[in-house]
Structures are given as structure tokens and as C-alpha cells.
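Student: Before I ask anything, here is the structure I am working with.
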Number of protein chains: 2
Amino acid sequence: MSLARVQHISISLDGFATGEGLSLAAPFGHAGDRLHEWMFETCWWRQMIGQPGGTRGVDDAFLRQFAPGIGAEIMGAGKFGYPGWQDDPEWKGWWGSNPPFHTPVFVLTHRPRASIEMEGGTTFHFLDASPTEALAAARAAAAGQDVRIGGGATMVRDFLAAGLIDHMHIVLVPILLGRGVRLWDGLEGLEKDYAIEAMSSPSGVTHVTFTRAGL
Amino acid sequence: MSLARVQHISISLDGFATGEGLSLAAPFGHAGDRLHEWMFETCWWRQMIGQPGGTRGVDDAFLRQFAPGIGAEIMGAGKFGYPGWQDDPEWKGWWGSNPPFHTPVFVLTHRPRASIEMEGGTTFHFLDASPTEALAAARAAAAGQDVRIGGGATMVRDFLAAGLIDHMHIVLVPILLGRGVRLWDGLEGLEKDYAIEAMSSPSGVTHVTFTRAGL
């Protein structure tokens, strides 16, 4: 069974997955790196950027689920680029020539362009599609493996509202951003469809997993 | 030193400390009992209502800090009664003839009335005052002990915004209420003034404590 999975979306205590004032220089706006500092301390992250050390506890364990079993990703236009990237024909995402996905990646945008094949197995496809249509396309590309619902918050919320998410891992970071994009708006009663587990980490964050009932 | 302490304010994952549609019949509106079910399972709660059993783990440990060292409480009008209680001269709070406070309790309201002495040491005083003024009055009544900042969410937020809280215990409940009164609005950067610790409980809730830096 090919699952639709949300992986380690970090949100502040007040529910913001990104700040205000997003730009090429500030991908998360006034939030800066604060939502993701917990990741930078892990062994998984250090290995990815070619550095030694890092923690190997619960934070690392969750992050190591990033690639295994994933055959495709769907991401929102707001994750693929800065506001306005659609006007930049040279924009190929934030991740350099060899992005960390290594699968087909479907970028949801109302202004699709031709697919871009990157190094390392990542190909960006651009779709103007509903969540249901996008998931069908990604599943076909994933060849039986799971599909990562990659964010940002707005598209995760759309997929949750459409009832399409099978498993979700949220990371609560103990800061108050005050403004930005909220993950939770309009999802009253979401817990009815999921088994929810919370686990605090010595790093200060709390991992919250949502597993669809009956999965 | 007399501290101002917030004790076990329960909020949903999306940050609501109470629901919508508050009334005499529904003190927490559409939230019902869902924010407080974790409390009902503890030994502390069972003892208070004269029942045996209950858990004696981390949830119970936090709740047992309710009374010790507290010399007075301040609560908002929305905690003392249902919307409109100010028009009911007989209203004496939700808690019967012997309320669980057993100290002076200062109720913040724009329509103060004469103090009410209850059984068991609780006396309700009614103040039309700023957070700073109310805290001064409560500290004087607490005779060197701490002051409980009792809620609801709106008054806790006012006291946080005024920089008056020394210690705060929040309980994250894994439900999504979708609507109601948010605790966190307007508190960007609050974490700068506090050491924050999160601890998940086997019951499913996560305890988050805020301890003022340097305390």
C-alpha cells in the first residue's frame, strides 16, 4: 500500500510553520533558522552536509525516515521557491544541482513549466492540479512506494482537509513566532481520524505523530 | 519571593484554551470536557471528588502543585462565571459552597460587587484593575506566598504581555478545536524571557513549563 506521508514539519508553539516576510534571502521570513535548529544538531543532518558528529537519539531517528520507502514527493509552490520564482525561468529550487529528494518531485503551481531533470535522480515536474489529482500522479510515479507530502504548511493543510494524509510527523518547537503561516487553521476534529502520539526530546522539541485509524 | 504562577492551563494543539459557545450549560463551549479529560484520570482529581484510584505519574505530579505555596488567586471574569453572570446577583462561581481555592480569590471584572466569603477559606473579591494593580493586591493578600494566575486564556495572555508571569505550566492536549479563545495571540518572542521544558506523558498530553530566566 502506497501511503501519503508528511515528514517533520516544524511548527512553533503558536502553530506557525513559517514566518512573515518570505524572500530569496529569508526562505522562512522572520522565523530565520529557529524552526529547524533541532535538525542541524543531528547526525543525519551532519552526514548530509559532510560533517562529523551530531545526536543519534529520537530527533535523529525521526529524520532518518526521510528517504526510505519514499518514491515521490509533492510540494507546494511556496516550498519550491521564493515568492515570485514563477517569473524566473532559471529557478531550479533552493537545493543546488543535486537536491536531497532523489525521486520525482511534483511541484503544485498555477503556472506549470517544463520538467527539470536534476542530478542524483530528482526530477521536478510542475502540476496545476487538485490534491487528489496530484496524489494520483505522484503515486503512479512512486511505483508502489510512499509519497512524501512535502509542505509547506498551506499545501499540507489542503491535503489534510481533503482527507488524503495517512501518516504525519509534526515537530513542536518551543518558540512563539506570533505571525506567519499557520498549519492548523480549519482542521477542527482532525484527531478523530488519527491515533496521535507525542514524544518530547531532550533537545526541547516534541515529536507528534498522526497515524490514520486502521492503518 | 512571591511568584506569579500559571498552573495547568490546557490548550488544544491548535492553541485554544476554550471553545466557542460558552454558556451556563457548557462552560468550555464546544470543547466540552475534552481539554480536561487527562485530569480526571489522575489520583489528585479522584481524591478531590472522593473517588479511589487514578494515575500517580507525571500528570498527577504536576496537578499536586495546585495548592502548596499559593496564597491567593487572580482569575478573569470569564473563569468566574458564564457570559452574563454580572447580571445575576446570586452567582457565586461554578464551584459550590466550598470552592477548591481555600485562599482569597481576586476576580477581574469591570462591574465589581461586594466580596463573598465562602466555606473553606475561599473569599471572592471583585476588582476592576490592571494586571499590575491586581497582582499587587493579590500579593498583599498572599502574605509572602505565591499568586496563582488562574485564567482563562485572555487574562493569562494579558499578564504574559505585561511581563508579570514567573512560572507557567501549559498542557498540550492532542485535539484540534478549530475555534474558541487562543492562548498565544500577540506573544511573539515570549521564549526569550523563559527557560522552556516539554515533557510528554503516557496519557497523551505534553506538559510545557516556562520558567523565567534567572529565577
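Student: Just wondering, is there one or more residues in the range B:129-148 that are in a loop (DSSP other than H, G, I, E, B) and surrounded by 22 or more Cβ atoms within 10 Å (Cβ to Cβ)?
Tutor: no
Student: Going by the structure shown, is A:Asp14 part of a loop (DSSP other than H, G, I, E, B), crowded, with 20+ Cβ neighbours inside 10 Å and of a type outside the set (A, V, I, L, M, F, W, C)?
Tutor: yes
Student: How many residues are within 14 Å of chain B (Cβ to nearest Cβ) and more than 16 Å from the chain's Cα centre (by Cα) if we restrict to the range A:1-33?
Tutor: Adding up the residues that qualify gives 8.
Student: Exactly one condition in (1) touching a residue at least 24 places away in the same chain (Cβ under 8 Å); (2) charged (D, E, K, R); (3) part of a helix (DSSP H, G or I) is not met by A:Glu20; state its number.
Tutor: (3)
Student: Could you say which residue among B:Phe106, B:Phe210 is in contact with a helix residue (DSSP H, G or I) (Cβ under 8 Å, 6 or more places away or on another chain), more than 14 Å from chain A (Cβ to nearest Cβ) and not basic (Lys, Arg)?
Tutor: B:Phe106
Student: Among the residues of the range A:160-173 satisfying the criterion of being buried (at least 21 other Cβ atoms within 10 Å of the Cβ) and in contact with a Ser or Thr (Cβ under 9 Å, 6 or more places away or on another chain), which is farthest from A:Leu13 (Cα to Cα)?
Tutor: Ranking the qualifying residues of the range A:160-173, first place goes to A:Met168.
Student: Within the range B:149-159, restricting attention to residues that are assigned to a loop (DSSP other than H, G, I, E, B) and out of contact with any Asp or Glu (no Cβ under 8 Å at 6 or more places or on another chain), which residue is surrounded by the most Cβ atoms within 10 Å (Cβ to Cβ)?
Tutor: This residue is B:Gly151.
Student: Applying the selection to the range A:165-215, what residues are over 20 Å from B:Gly178 (Cβ atoms), among the small types (Gly, Ala, Ser) and without any contact (Cβ under 8 Å) to a residue 60 or more places away in the chain?
Tutor: Correct list: A:Ser200, A:Gly214.
Student: Just the residues that are facing chain B (nearest Cβ under 7 Å) and in a strand (DSSP E or B), please, taken from the range A:173-207.
Tutor: The answer is A:Ile196, A:Ala198, A:Met199, A:Ser200, A:Thr206.
Student: Taking the criterion of being in contact with a Lys or Arg (Cβ under 9 Å, 6 or more places away or on another chain), among the aliphatic types (A, V, I, L, M), in contact (Cβ under 8 Å) with a residue 12 or more places away in the chain and within 22 Å of B:Gly76 (Cα to Cα), would at least one residue in the range B:129-140 satisfy it?
Tutor: Yes - at least one qualifying residue is present in the range B:129-140.
Student: Which numbered condition trips up A:Val105, out of (1) aliphatic (A, V, I, L, M); (2) free of Cβ contacts under 8 Å to residues at least 60 places away in the same chain; (3) over 16 Å from A:Ile149 (Cβ atoms)?
Tutor: (3)
Every number in this text was worked out from the coordinates using simple rules, so none of it is lab data. Note that the coordinates shown come from a computational prediction; the quantities given were computed from them, not determined experimentally. For neighbour counting, all protein chains shown are included, and Cβ atoms are generated from backbone atoms with ideal geometry for every residue, glycine included.
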